[in-house]
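Heads up: the structure comes next, in structure tokens.
The values are calculated or read from the model by the stated rules, or taken from the named source; none is laboratory data. Everything numeric in this text was worked out from a predicted model, so none of it was measured. A quick note on method: Cβ atoms are made from the backbone with ideal geometry, for glycine too, and the neighbour counts reach across all protein chains shown.
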Amino acid sequence: MMSRSERRRASWFVVLATALSLGAGAPGATAAGAPCPDAGAHPWCSRSLSPDARAGLLLRALTQDEKITLLSGGSAGNHTGATQAIDRVGLPPAYVTDGPVGVRQGSATAMPTPMAGAATFDPSLAFLYGKTVGNEARLKGNDGVLAPTVNMMRTPLNGRTFEAFGEDPFLVARTTASWIEGAQSEGVFATVKHFAANNQEGEDETGATAMPGAIVGAGQQDTRYVENSIVDERTLREIYLPQFEAAVKEAHTGAVMCSYNRLNSDWACANQHLIGDILKHEWGYRNLVMSDWVFASHHAETAKHLNGGMDLEMPFPQAYTPALVSASLATGQSNQAALDDHVRRILRTLFAFGFFDRPAYTDDDNQIDTAGHAQDAQRIEESAITLLENRGALPLDAGKLKSLAVIGPYADKFVTGGGSGNVTPFSAVSALQGIKARAGSGVTVTSDDGSDATRAAGVAKAADAAVVFVGDYETEGADRRCLSLECPDQGDQDGLIDAVAAAQPNTIVVLETGGPVLTPWRDKVAALVEAWYPGEQGGAAIASVLFGDVDPGGRLPVTFPRQESDLPTAGDPEKYPGDAQQNVRYKEGVLVGYRWYDAKGITPAYPFGFGLSYTSFAYRDLAVSAAGDGSTGATVSFDVTNAGSRAGTDVAQLYLALPQPAPDVVQPPRQLKGFQRVTLDPGETRRVTMRVDQRALSY
């Protein structure tokens, strides 16, 4: 990356080291003894040696067949996947589980979605999120968790939008690093995914459904398995890789999952530039790279994967079958050094995370603090809820309110996405349940599912106020056809809102969506709240915000467009969903998300970073100074004052505008380079200081 001039324009926008507590002291149910009881018989069991040294010793003790066996997964039981066991050297399997939104293994705490986590703009809550998931993964007998999902939201049509952290690489990187640190503090390794440029699932054309709510495409569904993301090097480095770099260099992630897609014509899991040059050499990554599940169904190119790609194929061998690996070695297409390096990385990860030095974790839900984790989920959701419109309708006052209508298909259900982010909750509180509990006996709460808009309007008109709950459905494996609330077929929710708002002037709309949707009725309603997919305690959290117990402190980690044609990928099939050869050309370059809207002068419905509070804030006394430590950087500081009459939360955001060095170099009008969540009492002032490093001043 080229260094830029030290002259920079900064604009402020108002709108641990990893704790590897992985040894024998980790709590949890245990079964078999530690794999390393005797350092005398097994020199790799000496805890005085480094993980690299121990992995090298065990590697030398393995036969060639055993090495090849370790390249792919084995029997996993009720877990998502497992490494192979080598009984001769006392090596048991290591188990992993899905975990982007909570552990997908039996029942678990269903967290608010990662998109909601990003909306908090709070790394400490990202740490708590990861820690909660990591704890449950361990107590369900897992050594690793297959999370977080950190791919950028290039298009909100992506079916996995809900599962990741938004559209800005700085926000996504900060959230990613803290999430991983939290998970790994619980004695399991995190798996950052999907590496890289895996930003769509597959275009749907028909809207037909294979399962309730899930889209089936006409030959396009799951094109993630074959699509070729064509991305220039600068865009790759500035937009699509920073969060992975933070995962490796800052959070020391235990695993990286390579993606299904091709990147610049080479399969991601066999991409020498991506995995060999950048990840392993430039970033110095020493742990394991695993494939996504059943990745090789379209591209079992064994030599390429051995020479430049993944270490571990999951959940079973296709490219790394013993016969194919042996043939690749015998014909000279691959060499012994490549094989040994893959095995060494797998073993090193297990040593680094204490796998050999502690008894095996076992599956025991009785040890999980379900009540405490429910509180964690509620706290994160309360901090994520984002207020987009408020014309005096919120907060609700239970002391004055006599009747309240709760309306809509999302009012009385547990809301979640599909695929590996789908979690079966230990328990769940719907919005209707949460509102009834919070409103108390003095407020008459009536409800209607919204299936008949005329009837729902009548229910709303008879109440003092109405809250309409609407949403969407997103899932792994298929993209959305459009950003309307009707995609996929969820009924005429826009029409429902119009009917209720016409009958009841105090209509509040609560969105429970995975990401951006169109809001053509936004000027007709008294308030608009984005609650995301809110997790198992979503109803309680939403009620707390609606009634003013908690200030709506969420801010948008994504841009909400006015119309679909404003999207960076709109109007050009080569950008999305791709041409007939499945080439997807990232022509927008670095102008992703709000960068696009800013550069093109497009006004969105709601911009990135936006969110209202129940109070007001004033910013003053901006100061910018040199870093003071001899480095090329700057320190930015300013005062934030709660100018209102009640306690509240704001997210101070720092954006940089870098000069354009040459006519052919595109620079976004602004880029997020700092943020800090601030909660203040009425009249309270706090000095906020943010450090801008040399990298933030470069392109």
With (1) in a helix (DSSP H, G or I); (2) at positive phi as the list, and Gly332 as the residue in question, which single condition is left unmet? (1)
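Here is a check on your reading of the model: is Gly442 on the phi > 0 side of the Ramachandran plot and not assigned by TED's automatic domain parsing to the domain that holds Leu128? It would help to see each step written out before you state the result.
On the way: on the phi > 0 side of the Ramachandran plot: no; not assigned by TED's automatic domain parsing to the domain that holds Leu128: yes.
Criteria not met by Gly442.
If you check Pro561 against the conditions, is it in the same structural domain as Arg379 (by TED's automatic domain parsing), at negative phi and at pLDDT 95 or above?
yes
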In the set Val500, Val468, which member is in contact with a helix residue (DSSP H, G or I) (Cβ under 7 Å, 6 or more places away or on another chain), part of a helix (DSSP H, G or I) and outside the structural domain of Tyr129 (by TED's automatic domain parsing)? Val500
Meets criteria (small (Gly, Ala, Ser), surrounded by 22 or more Cβ atoms within 10 Å (Cβ to Cβ) and under 15 Å from the mean Cα position of the chain (by Cα)) for Gly81: no
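To keep it simple, each residue is scored yes or no on (1) hydroxyl-bearing (Ser, Thr, Tyr); (2) not in a loop (DSSP other than H, G, I, E, B).
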| residue | (1), (2) |
| --- | --- |
| Gly276 | no, yes |
| Tyr285 | yes, no |
| Asp292 | no, no |
| Ala303 | no, yes |
| Leu306 | no, yes |
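Among the residues of the range 313-323, write down those that are within 13 Å of Thr69 (Cβ to Cβ) and surrounded by fewer than 22 Cβ atoms within 10 Å (Cβ to Cβ).
Step one: list which residues in the range 313-323 are within 13 Å of Thr69 (Cβ to Cβ), which gives 313, 316-317, 320-323.
Across the range 313-323, the qualifying residues are Phe316, Thr321, Pro322, Ala323.
So that you can scan it fast, the table gives a plain yes or no per residue for (1) assigned by TED's automatic domain parsing to the domain that holds Glu382; (2) among the β-branched types (Val, Ile, Thr); (3) touching a helix residue (DSSP H, G or I) at 6+ places or on another chain (Cβ under 7 Å); (4) assigned to a strand (DSSP E or B):
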site	(1), (2), (3), (4)
Phe638	no, no, no, yes
Arg646	no, no, no, no
Pro659	no, no, no, no
Pro668	no, no, yes, no
Leu672	no, no, yes, yes
Pro682	no, no, no, no
Counted residues in the range 651-696 being at pLDDT below 95 and over 21 Å from Phe608 (Cβ atoms) come to 10
Checking Gly539 against (1) of a type in the set (Gly, Ala, Ser); (2) at pLDDT below 95; (3) under 22 Å from the mean Cα position of the chain (by Cα), which single condition isn't satisfied? (2)
Val459 fails exactly one of the following numbered conditions: (1) under 36 Å from the mean Cα position of the chain (by Cα); (2) in a helix (DSSP H, G or I); (3) closer than 19 Å to Lys402 by Cβ. What is the number of that condition? (1)
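Pull up the range 604-628, narrow it to residues that are outside any strand (DSSP E or B) and among the aliphatic types (A, V, I, L, M), then point me to the one that is nearest to Gly548 (Cα to Cα).
Taking the range 604-628 first, the residues outside any strand (DSSP E or B) are 604-605, 607-611, 613-616, 627-628.
From what's left, among the aliphatic types (A, V, I, L, M): 605, 627.
Details: Ala605: 25, Ala627: 40 Å.
Only one residue tops the list, namely Ala605.
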Residue count, the range 477-520 (criterion: within 28 Å of Leu401 (Cα to Cα) and surrounded by fewer than 21 Cβ atoms within 10 Å (Cβ to Cβ)): 6
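Quick check: anything in the range 620-633 hydrophobic (A, V, I, L, M, F, W, C), farther than 27 Å from Phe165 by Cα and assigned by TED's automatic domain parsing to the domain that holds Arg522?
As a first pass, look at the range 620-633 and keep what is hydrophobic (A, V, I, L, M, F, W, C): 622-624, 626-627.
Next cut, farther than 27 Å from Phe165 by Cα only: 622-624, 626-627.
Filter again for assigned by TED's automatic domain parsing to the domain that holds Arg522, leaving none.
So far as the range 620-633 goes, no, none of its residues is hydrophobic (A, V, I, L, M, F, W, C), farther than 27 Å from Phe165 by Cα and assigned by TED's automatic domain parsing to the domain that holds Arg522.
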Which residues, counting only those in the range 169-189, are over 13 Å from the mean Cα position of the chain (by Cα) and either closer than 22 Å to Tyr95 by Cβ or buried (at least 24 other Cβ atoms within 10 Å of the Cβ) (or both)? Glu181, Gly182, Ala183, Gln184, Ser185, Glu186, Gly187, Val188, Phe189
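Hey, could you check the range 42-55 for residues that are in a helix (DSSP H, G or I) and surrounded by fewer than 17 Cβ atoms within 10 Å (Cβ to Cβ) and say which is modelled with the lowest pLDDT?
Pro43
Taking the range 519-550, which residues are among the hydrophobic types (A, V, I, L, M, F, W, C), in a loop (DSSP other than H, G, I, E, B) and in contact with a strand residue (DSSP E or B) (Cβ under 8 Å, 6 or more places away or on another chain)? Steps first, please.
Our first condition is that a residue be among the hydrophobic types (A, V, I, L, M, F, W, C); within the range 519-550, this holds for 521, 525-529, 531-532, 540-543, 545-547, 550.
Narrowing further to those that are in a loop (DSSP other than H, G, I, E, B): 521, 525-526, 531-532, 547, 550.
The answer is Trp521, Val525, Ala526, Ala531, Trp532.
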Identify, please: which residue in the range 621-650 is more than 16 Å from Gln676 (Cβ to Cβ) and of a type in the set (D, E, K, R) and is, among those, modelled with the highest pLDDT? Arg646
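Taking helices (runs of 4 or more DSSP H) that fall entirely within the range 107-192, which contain at least 3 residues that are among the aliphatic types (A, V, I, L, M) and more than 21 Å from Glu512 (Cα to Cα)? Break it down stepwise before answering.
Values: elements: 114-119, 123-139, 169-184.
Per the criteria, 123-139, 169-184.
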